[in-house]
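J.: Structure provided below as structure tokens; questions to follow.
The values are calculated or read from the model by the stated rules, or taken from the named source; none is laboratory data. Every value quoted in this text rests on a predicted model; they were computed, and no experiment measured them. Don't worry about glycine lacking a Cβ; one is built from the backbone with ideal geometry, like all the others, and counts go over all protein chains shown.
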Amino acid sequence: MQSAGSPPVSSLKIYFRLLGYLRPFIGLFAISLVGYMIFASSQPMMAVVLKYFVDGLTAPAGVNLHEFPLIGSIQLMYGVPILLILIITWQGFGSFLGNYYLAKVSLGLIHNLRCTLFDSLLRLPNTYFDQNNSGHLISRITYNVTMVTGAATDAIKVVIREGLTVVFLFSYLLWMNWKLTLVMLAILPVINLMVRSASRRFRKQSRKIQAAMGDLTHIASETIQGYRVVRSFGGEDYESARFKHASDDNTAKQLRMVKTGATFTPALQFVTFSTMAVILFLVLFLRGDASAGDLVSYITAAGMLPKPIRQLSEVSATVQKGLAGAESIFSQLDETPEQNAGQQERLQVTGKLEVRNLNFSYPGCADKVLNDICFTAEPGQMVALVGRSGSGKSTLANLIPRFYHHTDGQILLDGMEIEQYTLRNLRRHIALVTQQVSLFNDTIANNIAYGDLAGLPREQVEQAAHAAYASEFIDRLPQAYETLVGENGVLLSGGQRQRLAIARAILKNAPLLILDEATSALDTESERHIQAALESATANRTTIVIAHRLSTIERADLILVMDQGRIVERGSHAELLARNGQYARLHAMQFSEHPTLTVEA
Ligand code: ADP
Ligand code: MG
């Protein structure tokens, strides 16, 4: 977050950048502008009618014809009401054009900003999601965007409508009595000073409100997602208190902002009306030969000024809220997207994977998570990674599809450094199944044939499901492949979800298959079935498998035993057992505890 009271230059920059998003709507905007001009022009017209009315009353016979070229000849009794209705119709027409078309602009702008923001999420690197909590990302899309459009459109509306009103009224006043009117300019510096100091506070408070909104969304979404844990561990009071605290905090911050506005407005009113009082005094004092109509009209027009001036000054609150919102939106849009400098694309790869002297630490962490990793997986081979949790197995698996960027060492797919592939092409060659299965609130079939796989023939989907041992439960579902799985597959068991994920990977038919504890939620029975399926599926593809049940990797061509980011032992199952080292100990542990079962490591 930026420090409070950032220099006005940067505000301007943000504002102009924001206005850039208005470009596609320039036509609609012009229409609404015309509408507001019409609206604004109706204000001095009212003052003119008043002059006509008062002058007509005081000298019924002789309203100056040449001063009112159109209506001078009509009787006062008819003229004033007709004019009133004409003016209000004119004003209404302008108001409709202005408001409706500006709403079109602002809603369109919200839409565009939201979509841009959402699309940026699809391109941001994994580290961004590690470092930003989802509540804040969500509230940026739902809350901040609406704040921003306030600045881009509502503020412009007020500036145009009220600004023009001020200009028209002021011109009229100048025309009536320019010397007197110039006296009014004296208050400008005072207003300017007040608006500035209030703006600074508005921006600061608005940033805080946005952060508080993010906290609120965050807590709500955490509780909603984890409602089972909340209930089973009696976290209700804790969550309720936490949410209440965040909401209180939010309320207090909103209130503080309202307070700023609420003090600002009367202060401003005081300044403007004091000026009006002085003007009024001067008008009466310097009356001269002005007619009663002149005086009333002048005072009325002058009296109409404070309202638009007030609204103009209050715009600064809207603008500052919007700028604070835009600041956070642009900061997300300016994040460097996933590195995608590679140019090479291969239609087909054999799946040979070589890792040479790979070192890795997560951005911002000094500790090495991977240390001098070297191994080769020939096409069609299976390489297994075993080791205690936290030893770096998943990290290694995540580096291959470039979820994180490695700088030290090499990862070669078919002899070419993976950084040289385009991201999309690289990932097309890799099928990844992890422990956390992500399902979308869609049908079973669409969850298996997701993304690039969408549109594949149904038989292939069913074959994949069959191979993943999923057809067994899918066929028993009420609508089979057309059954909706609920948000993130809540309607399915953990094992069923994993089988869908495996089916998805099998359907992808990629030459490199990475299974990161992909069968951990399965019972031994289904796992054995899938093992058989995977055996045929893995026959002609390279597989990297991380399994916490050692029994599942016995047939691997190469087993790498990892500990604290290093490969401490390597070899086949038989070799490693013979060596009687760490692997043999892990193996003995699993089998001694449950001699008949294969159990979790
Ligand atoms: P394993 O899969 O073998 O259990 P991981 O590769 O998940 O181990 O984790 C290895 C180490 O890296 C752990 O110490 C973990 O704390 C750290 N780590 C994992 N993911 C991240 C991340 N996104 N950011 C920072 N550190 C991480
Ligand atoms: Mg892991």
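J.: Across the stretch 401-425, which residue is nearest to ligand 1 (Cβ to nearest atom) among those that are farther than 12 Å from Phe360 by Cα and assigned to a loop (DSSP other than H, G, I, E, B)?
T.: For the stretch 401-425, the residue satisfying everything is Phe403.
J.: Still on this structure, I have one more. With the requirement that a residue be in a strand (DSSP E or B), closer than 23 Å to Arg541 by Cα and away from ligand 2 (no atom under 16 Å from the Cβ), what does the stretch 359-392 give you?
T.: The answer is Cys374, Phe375, Thr376, Ala377, Met382.
J.: Taking helices (runs of 4 or more DSSP H) that do not extend beyond the stretch 98-203, which have at least 2 residues that are closer than 19 Å to Leu22 by Cβ?
T.: Of the helices (runs of 4 or more DSSP H) lying wholly inside the stretch 98-203, those with at least 2 residues that are closer than 19 Å to Leu22 by Cβ span 145-149, 155-176.
J.: Yes or no: the stretch 494-512 includes at least one residue that is of a type in the set (Gly, Ala, Ser), over 12 Å from Leu432 (Cα atoms) and away from ligand 1 (no atom under 16 Å from the Cβ).
T.: yes
J.: How about the stretch 415-451: which of its residues are among the acidic types (Asp, Glu) and touching a residue at least 40 places away in the same chain (Cβ under 8 Å)?
T.: Scanning the stretch 415-451 gives Glu419, Asp442.
J.: I'd like the residue in the stretch 61-107 that is β-branched (Val, Ile, Thr) and at pLDDT 85 or above and, out of all such residues, is surrounded by the most Cβ atoms within 10 Å (Cβ to Cβ).
T.: Within the stretch 61-107, the match that is surrounded by the most Cβ atoms within 10 Å (Cβ to Cβ) is Val105.
J.: Now for a different question. Based on what the data block shows, is Ala501 crowded, with 23+ Cβ neighbours inside 10 Å, touching a helix residue (DSSP H, G or I) at 6+ places or on another chain (Cβ under 6 Å) and of a type outside the set (Ser, Thr, Tyr)?
T.: So Ala501 does not fit the description; no.
J.: Return the residues of the stretch 534-559 that are in a strand (DSSP E or B) and away from ligand 2 (no atom under 14 Å from the Cβ); say none if nothing qualifies.
T.: Within the stretch 534-559, Thr542, Thr543, Leu558, Ile559 qualify.
J.: So the check is Cβ under 8 Å with 6+ separation or different chains; which pairs have a first residue in the stretch 571-582 that's under 12 Å from Asp557 (Cβ atoms) and a second one that's among the charged types (D, E, K, R)?
T.: Correct list of pairs: Gly571/Arg579; Ser572/Asp557; His573/Glu554; His573/Arg555.
J.: Looking at Thr223, is it polar (S, T, N, Q) and touching a residue at least 24 places away in the same chain (Cβ under 8 Å)?
T.: No.
This table checks each residue for (1) among the acidic types (Asp, Glu); (2) in a loop (DSSP other than H, G, I, E, B); (3) in contact with a Ser or Thr (Cβ under 7 Å, 6 or more places away or on another chain); (4) within 16 Å of ligand 2 (Cβ to nearest atom).
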position: Arg427; (1), (2), (3), (4): no, no, no, no
position: Val437; (1), (2), (3), (4): no, yes, no, yes
position: Gly455; (1), (2), (3), (4): no, yes, no, no
position: Phe473; (1), (2), (3), (4): no, no, no, no
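J.: Further question: I'd like the full set of residues that are surrounded by fewer than 18 Cβ atoms within 10 Å (Cβ to Cβ), touching a residue at least 60 places away in the same chain (Cβ under 8 Å) and more than 9 Å from ligand 1 (Cβ to nearest atom), limited to the stretch 372-400.
T.: Residues satisfying the conditions are Asp372, Cys374, Phe375, Glu378, Pro379, Gly380.
J.: Another question about this same structure. Kindly establish whether Leu396 is of a type outside the set (S, T, N, Q), part of a helix (DSSP H, G or I) and either within 16 Å of ligand 2 (Cβ to nearest atom) or more than 18 Å from Val349 (Cβ to Cβ) (or both).
T.: Considered against the rule, which asks whether it is of a type outside the set (S, T, N, Q), part of a helix (DSSP H, G or I) and either within 16 Å of ligand 2 (Cβ to nearest atom) or more than 18 Å from Val349 (Cβ to Cβ) (or both), Leu396 comes out as yes.
J.: Evaluate the following for Lys307: is it under 30 Å from Arg256 (Cβ atoms), crowded, with 19+ Cβ neighbours inside 10 Å and of a type in the set (Lys, Arg)?
T.: no
J.: Sticking with this structure for a sec: Against the definition (more than 14 Å from Ile544 (Cα to Cα), in contact with a Phe, Trp or Tyr (Cβ under 8 Å, 6 or more places away or on another chain) and more than 16 Å from ligand 1 (Cβ to nearest atom)), how does Asn447 come out, yes or no?
T.: yes
J.: Which one of these is in contact with a helix residue (DSSP H, G or I) (Cβ under 6 Å, 6 or more places away or on another chain) and within 25 Å of Tyr450 (Cα to Cα): Ala397, Ala384, Ala431?
T.: Step by step, each of Ala397, Ala384, Ala431 is checked, and only Ala431 is in contact with a helix residue (DSSP H, G or I) (Cβ under 6 Å, 6 or more places away or on another chain) and within 25 Å of Tyr450 (Cα to Cα).
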